[in-house]
1. Considering only segment 134-148, state which residues are out of contact with any helix residue (DSSP H, G or I) (no Cβ under 9 Å at 6 or more places or on another chain), assigned to a loop (DSSP other than H, G, I, E, B) and more than 20 Å from residue 225 (Cβ to Cβ).
2. Got a sec? Which of 83, 42 is modelled with pLDDT of 90 or more, under 27 Å from residue 113 (Cα atoms) and in contact with a Pro (Cβ under 6 Å, 6 or more places away or on another chain)?
3. What are the residues in segment 35-64 that are in a helix (DSSP H, G or I) and either among the charged types (D, E, K, R) or touching a residue at least 24 places away in the same chain (Cβ under 8 Å) (or both), if any?
4. Do the conditions hold for residue 114, that is, is it basic (Lys, Arg) and modelled with pLDDT of 90 or more?
5. Please pick out the residue among 214, 188, 158 that is open to solvent by 30 Å² or more (accessible area, probe 1.4 Å), within 19 Å of the chain's Cα centre (by Cα) and not polar (S, T, N, Q).
6. Specify the residue that is nearest to residue 147 (Cα to Cα); the eligible residues are those in segment 176-185 that are in contact with a helix residue (DSSP H, G or I) (Cβ under 7 Å, 6 or more places away or on another chain) and surrounded by 13 or more Cβ atoms within 10 Å (Cβ to Cβ).
7. For segment 198-206, does any single residue satisfy the condition of being in contact with a helix residue (DSSP H, G or I) (Cβ under 6 Å, 6 or more places away or on another chain), on the phi < 0 side of the Ramachandran plot and open to solvent by 50 Å² or more (accessible area, probe 1.4 Å)?
8. In segment 125-137, what residues are open to solvent by less than 40 Å² (accessible area, probe 1.4 Å) and of a type outside the set (A, V, I, L, M, F, W, C)?
Amino acid sequence: MTCSSRTSSGHPIRRGEITRCGIQRGDEITVVDQRIRLEVLAPTVDMVLLGVGGRLEGETLTSNSLSGVLRVWFEEQPLAILAGDLDEIGLQRLLVEEEQLHGRVLVFPHHGGRTGGDDHSFVSTIMNAVDPETVVFSFGREKYSNPRPEIIHAIFSAKPGAKIMCTQLSKRCSASTFDPPHLASLPARGRDAGRCCAGSLQLDSQGVVTPQVAEHATFVDSLTPPPLCRIPLP
């Protein structure tokens, strides 16, 4: 993929062998498949100019406030929101620019960890703005003990019918690992070690198509004790 953003001299920023492109709201990232369009929703231009440590409406910006947020369009339909590490400051600023984000799938910020503010309020706000059918948590089982229970509970409070899929099997959900029988033959980090839950996801205009929702649900329902996404609201 390529990035349309450049330095003032018109060249991308390079660090060693890595080319770094700055992005900001309004940019588009092109990919080979012309049915797909990536729209940059955040950070906004004013936040980029202030930078980390800058003050905006009495709040101090962090690197999470300036997190990139992308919306994936497929055949001109809003398919997914990739929310990066967006925090409460960044979310509120984004919603000033665009009240409704819309996407069938939300890749939840922070891998399902703390949001940097009032977790319940943050979850309620982003769920109401995006109104996703499926919420995805992408994380490594051996690195973080995510997603946090309060995040899951807040998601179901905001949208009881939402489907939740985790790329790997959280330690909060199962003490053991194994090769999930529902896992499709897509490359997935952790597959060989039996750490996957949903594994890698494949999306089309209908949302998540791999793994199939019913097959994934059967696997999740087989876990004992019940995983976080099957525990009733407190």
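The values are calculated or read from the model by the stated rules, or taken from the named source; none is laboratory data. Everything numeric in this text was worked out from a predicted model, so none of it was measured. FYI the Cβ positions are ideal-geometry reconstructions off the backbone, even for glycines, and counts take in every protein chain you see. Surface areas here come from the heavy atoms of the whole protein model, side chains and all, with no ligands, DNA or RNA. Shrake-Rupley method; radii C 1.70, N 1.55, O 1.52, S 1.80 Å.
1. Taking segment 134-148 and keeping what is out of contact with any helix residue (DSSP H, G or I) (no Cβ under 9 Å at 6 or more places or on another chain), we get 136, 141-142, 145.
Those still in the list that are assigned to a loop (DSSP other than H, G, I, E, B) too: 141-142, 145.
Answer for segment 134-148, where residues must be out of contact with any helix residue (DSSP H, G or I) (no Cβ under 9 Å at 6 or more places or on another chain), assigned to a loop (DSSP other than H, G, I, E, B) and more than 20 Å from residue 225 (Cβ to Cβ): just 142.
2. Numbers: 42 fails: in contact with a Pro (Cβ under 6 Å, 6 or more places away or on another chain).
Going through 83, 42 in turn, the sole match is 83.
3. Of all residues in segment 35-64, those in a helix (DSSP H, G or I) come to 45-50.
Passing the criteria: 46, 47, 48.
4. Numbers: basic (Lys, Arg): yes; modelled with pLDDT of 90 or more: no.
Answer is no for this residue.
5. Numbers: 214 fails: within 19 Å of the chain's Cα centre (by Cα); 188 fails: open to solvent by 30 Å² or more (accessible area, probe 1.4 Å).
Of the residues listed, the single one that is open to solvent by 30 Å² or more (accessible area, probe 1.4 Å), within 19 Å of the chain's Cα centre (by Cα) and not polar (S, T, N, Q) is 158.
6. Step one: of segment 176-185, the residues in contact with a helix residue (DSSP H, G or I) (Cβ under 7 Å, 6 or more places away or on another chain) are 180-182.
Imposing the further condition that a residue be surrounded by 13 or more Cβ atoms within 10 Å (Cβ to Cβ) reduces the set to 180, 182.
Details: 180: 19, 182: 21 Å.
In this case the residue turns out to be 180.
7. Narrowing segment 198-206 to residues in contact with a helix residue (DSSP H, G or I) (Cβ under 6 Å, 6 or more places away or on another chain): 198.
The next check asks that each one be on the phi < 0 side of the Ramachandran plot; those that pass are 198.
Narrowing the set further to residues that are open to solvent by 50 Å² or more (accessible area, probe 1.4 Å) leaves none.
No - not one qualifying residue is present in segment 198-206.
8. Within segment 125-137, the subset open to solvent by less than 40 Å² (accessible area, probe 1.4 Å) is 125-127, 129-130, 132, 134-137.
Selection gives 125, 132, 134.
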